Amino acid sequence: MKIRILGWEYINIRRINNLTVDLTKGNSIPHQISLIMMPNGTGKTTTINLMRAVLDGSALDWDEDKVREFKPQYGNVSKGEFRLKTKINDDIYYFILCLDYENGKAQYKTSRTGEPGGLEDGRNLPYQLSGVLNTQFVNRFIFDGEQAKKTLSSENDEAEKAITYLYQLNELDNLKAKIDLLVKQAQDNNTRGMTKQSLSYTRTQMENKERIYNELLRKKAQIEKRNIELTRRKEQIQESISKIISSDSKLKDEKAKLDSDKIETSGFIRQNIDNILKGMREPFNVNPCFDQRLKSLSDNMQKLKLPKTMSKEFFNELANSPYCICGRHIGDEEKKHILENAESFLGEDQLVALNAIKDKLKSYVATDELRNEIDSLNQNVRKLEEIDAGLTRLGLQLKEQGNDEIEMLQNELAEIEKQLHDSNREYNILVAVDKDSNSKINDENNIKLAAAAFNLAKENFNKATNTFTLYQKSEKVKQYLDAIRKSALEKLKLRVLTKTNININSIIKTEKILIDKIDGNLVLKNRKAVSEGQTLAIAYSYIGSLFDESSFRFPFVIDSPAVSLDLSVRKEVSEILPVLFEQLVIFVISSEVANFADSYYDFPDVAFYTIEAKDGPENAVCTIGKDYFDSFQKDE
Amino acid sequence: MELYNELKEAINECMDASVESPEFKRRFSKLIENFFDKPTNDNDIKEVVNLVQISEDR
């Protein structure tokens, strides 16, 4: 499905009273690149926000003040409109955002050329687009610098969501919701034989358990987020304290020694843990009780003398022989009997496995290696605690000498550590797997138990309404849908990642920057941050890869793409954009002409628009043409 | 609308690993394809759900 922006029209929007911008070549086909010069204050950001609102439907949630933000300052205007002309496959759609300044209300209208009835109320998208054009996804192709930062920010999952929406994996969630609705309808229709009270009781029980379960999931997510923030702050404080101590001439040598010991001891601890994990694969070294039991199993296996030939295969051969080993003739009846009973004996392959186990059990020797490694780990952990205490002591010395800053930092650190401790205690209760690991858990504070209680309440309700079988079947279908969603997302992430890295390589040639994985956001390989220009380049590469091979071909609208770019990077970005996107609508200001907009002066399919307030603040005009665009820049 | 390869592969892998009847596998795959393309009839969904096999001992 190909979506193109053919132009837009403003009627009484802020400083523009009436203006049409036509991006086409005159035949309902837009130029591949449309460069729109709009000086600051002309309404560039307003235009982009209105485009977003028209496409994602978000204006219905605007409050009165937000609607009135678009009201022109001149005259007594009561209504305004922003009309976006699009082409979806071969059909022309006008999406109109009507702004009622008097009542502070926004509403949509849609007009499809060639359709009877003309203007329809609402934002009536083709069915295939309805799941795609939401706020999160529209922000992916009506783009600005903030979105680019979000793509790389670990605090959100924008990058993954973009794949989900563009490739419509959310449709699988919608299908699940539809299945839930059908089950609920069946439950509502199958209440015969139940009193109103008992139905209400079982339903309330189920709803309560569901509420508790969902609350616990929310709580878990909240704690995880809070812990990330607290840990980040803790690291910042530790770094600040470390810097202050290092700057003290008396303490810096002692600190350097402690730091070096800490690195060395941490390395030993890692080695201990590796060795312990390897050692635990030999259970006879884990606990003498395992050793005893394995030895007893070995003795039994020696005594049992596993048959080497009396296997299933032996009886299969015997059944086809004319005589048994006892000399009796084997007829059809005997053959049938032997073959039926042959299944009760082990096959050759099973015997081979059992004999291998038997040999291994006979030959193993228990050692103290694992126990020694655990002792060494404990010693190293204690040593690390002593080193940390030493580092804290250095801070205390400075504090005693009257260093207020370190006192403040240490107080904050203590508070954060307390919060982290409390938070972890709560988290451990939430995620504990059974009562053995945490005796305080119950179905109101532990996710696993709450899920079990919710499932039981659901079963009771479904049994009560005779819809248990339907419910079981629907749950299984939903499990298949979940598995498909997860698997498809992983496959898509891999494809988009590979393509993104190819695109990044072709834009950023001076440094080797790679995306390691898409884990909610884009995760850089072997580095934590990149420059602002590189962030943009990565985000464009990502969006371009996302659209590539998708069944949707969206235009790409960018707000001031070159403002934050060095002159040297601008040209590279300007070259890659037309490779990544089939239609580009680029809003620029005059400072972006050098090395960016002027790179397109000789491009074969480009149009230049200059929108400016000319005769007074309310009248805007749009001048088409490269010469004016270029000279406008020079005047500025 | 033709489904993209990653989704097709995910559906096929999931169905290959399941113990469902060939009829369920065929109609379930078709249901997803249709759902991506146009509004789906409730009866189609119900029929597919009813084809699921469930063990007796639950």
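Under a point spin-label approximation (7 Å from Cα along Cα-to-Cβ), what is the A:M408-A:S631 distance to one decimal in nm?
Label at A:M408, label at A:S631, 5.8 nm between them.
Quick check: Cα centre of segment A:520-536 to Cα centre of segment A:63-109, how many Å?
About 38 Å separates the Cα centre of segment A:520-536 from the one of segment A:63-109.
Expected output is a single nm value to one decimal: the length gained when fully extending between A:R553 and A:L494, i.e. 0.36 nm times separation in residues minus the C-alpha distance. What is it? Walk me through the numbers before you get to the answer.
Working: separation 59, 0.36 × 59 = 21.24 nm, distance 2.02 nm.
The A:R553-A:L494 span can extend by a further 19.2 nm.
What full-extension length gain, to one decimal in nm, is calculated for A:V431 and A:K509 as 0.36 nm per residue of separation minus the Cα-Cα distance?
The span from A:V431 to A:K509 would gain 23.5 nm if fully extended.
What Kirkwood radius, in Å to one decimal, follows from the Cα pairs of segment A:160-239?
Working: mean 1/r = 0.0590 Å⁻¹.
For segment A:160-239, inverting the mean 1/r across all distinct Cα pairs yields 17.0 Å.
Strictly greater than 24 Å: what percent of every Cα pair in segment A:179-283 meets that?
Values: 3593 of 5460 pairs.
The calculated P(r) of segment A:179-283 puts 66 percent of pairs beyond 24 Å.
Roughly what percent of Cα-Cα pairs across the protein assembly as shown reach past 40 Å? Intermediate results must be reported in sequence, preceding the final value.
Working: 136632 of 240471 pairs.
The proportion of pairs with Cα distances above 40 Å equals 57 percent.
Check which residues have an amide H placed less than 5 Å from A:L23's amide H, if you skip close sequence neighbours.
A:G7, A:W8
Let me know the Kirkwood hydrodynamic radius for chain B, please, with Cα pairs as the basis and the value in Å to one decimal.
Evaluated over chain B, this radius sits at 12.3 Å.
Starting with the fewest neighbours, write out B:R27, A:R14, A:R203 ranked by other beta-carbon atoms found within 10 Å of each beta-carbon. Intermediate values should be presented prior to the final figure.
Values: B:R27 15, A:R14 22, A:R203 18.
Ordered from fewest to most neighbouring Cβ atoms within 10 Å, B:R27, A:R14, A:R203 come out as B:R27, A:R203, A:R14.
Round to the nearest 0.05 the FRET efficiency obtained for A:N526 and A:K184 when R0 = 41 Å and r is the Cβ-Cβ distance.
Details: r = 50 Å, r/R0 = 1.22.
The calculated FRET efficiency here is 0.25.
Quickly work out the A:N18-to-A:E415 label distance, labels modelled 7 Å from Cα along the C-beta direction, and quote it in nm with one decimal.
For A:E415 paired with A:N18, the spin-label model returns 6.1 nm.
Report the extension gain between A:N341 and A:R68 in nm, rounded to one decimal, defined as 0.36 nm multiplied by the number of residues separating them, less their alpha carbon distance.
Values: separation 273, 0.36 × 273 = 98.28 nm, distance 8.66 nm.
Full extension from A:N341 to A:R68 adds 89.6 nm.
Strictly over 28 Å apart at the Cα level, which of A:K150/A:K491; A:K109/B:K38; A:K225/A:K440; A:K234/A:K512; A:K278/A:K499; A:K178/B:K25 would you flag in this model? If you can, show how the numbers build up before the last one.
On the way: A:K150/A:K491 22 Å; A:K109/B:K38 22 Å; A:K225/A:K440 24 Å; A:K234/A:K512 31 Å; A:K278/A:K499 38 Å; A:K178/B:K25 19 Å.
Going by Cα-Cα distance, A:K234/A:K512; A:K278/A:K499 fall outside the 28 Å limit.
Assuming R0 = 51 Å, what is the FRET efficiency of A:N316 and A:Q271, from their Cβ-Cβ distance, to the nearest 0.05?
On the way: r = 53 Å, r/R0 = 1.04.
So, using R0 = 51 Å, E works out to roughly 0.45.
Grab the other residues whose beta carbon is less than 11 angstrom from that of B:V19, score K and R as +1, D and E as -1, and report the net.
Once all neighbours under 11 Å are counted, the net charge is 0.
Between A:K463 and B:I54, what's the calculated FRET efficiency when r is the beta-carbon distance and R0 is 22 Å? Round to 0.05. Don't skip to the end; give the middle numbers.
Details: r = 14 Å, r/R0 = 0.64.
That pair, A:K463 with B:I54, gives E of 0.95.
Order these by the 10 Å Cβ neighbour count, fewest first: A:C324, A:C98, B:C14. Walk me through the numbers before you get to the answer.
On the way: A:C324 13, A:C98 17, B:C14 23.
If I rank by nearby Cβ atoms, fewest first, I get A:C324, A:C98, B:C14.
Please rank A:M1, A:M206, fewest neighbouring Cβ atoms within 10 Å first, as an exposure proxy. Mind dumping the intermediate values first?
Numbers: A:M1 14, A:M206 22.
The order, fewest Cβ neighbours first, is A:M1, A:M206.
Read-outs: derived from the displayed coordinates by stated rules, not from any lab. It should be emphasised that the depicted structure is a prediction, and the values quoted were computed from it without experimental measurement. Ideal geometry is used to build each Cβ from the backbone, glycine not excepted, and the neighbour counts take in all protein chains shown.
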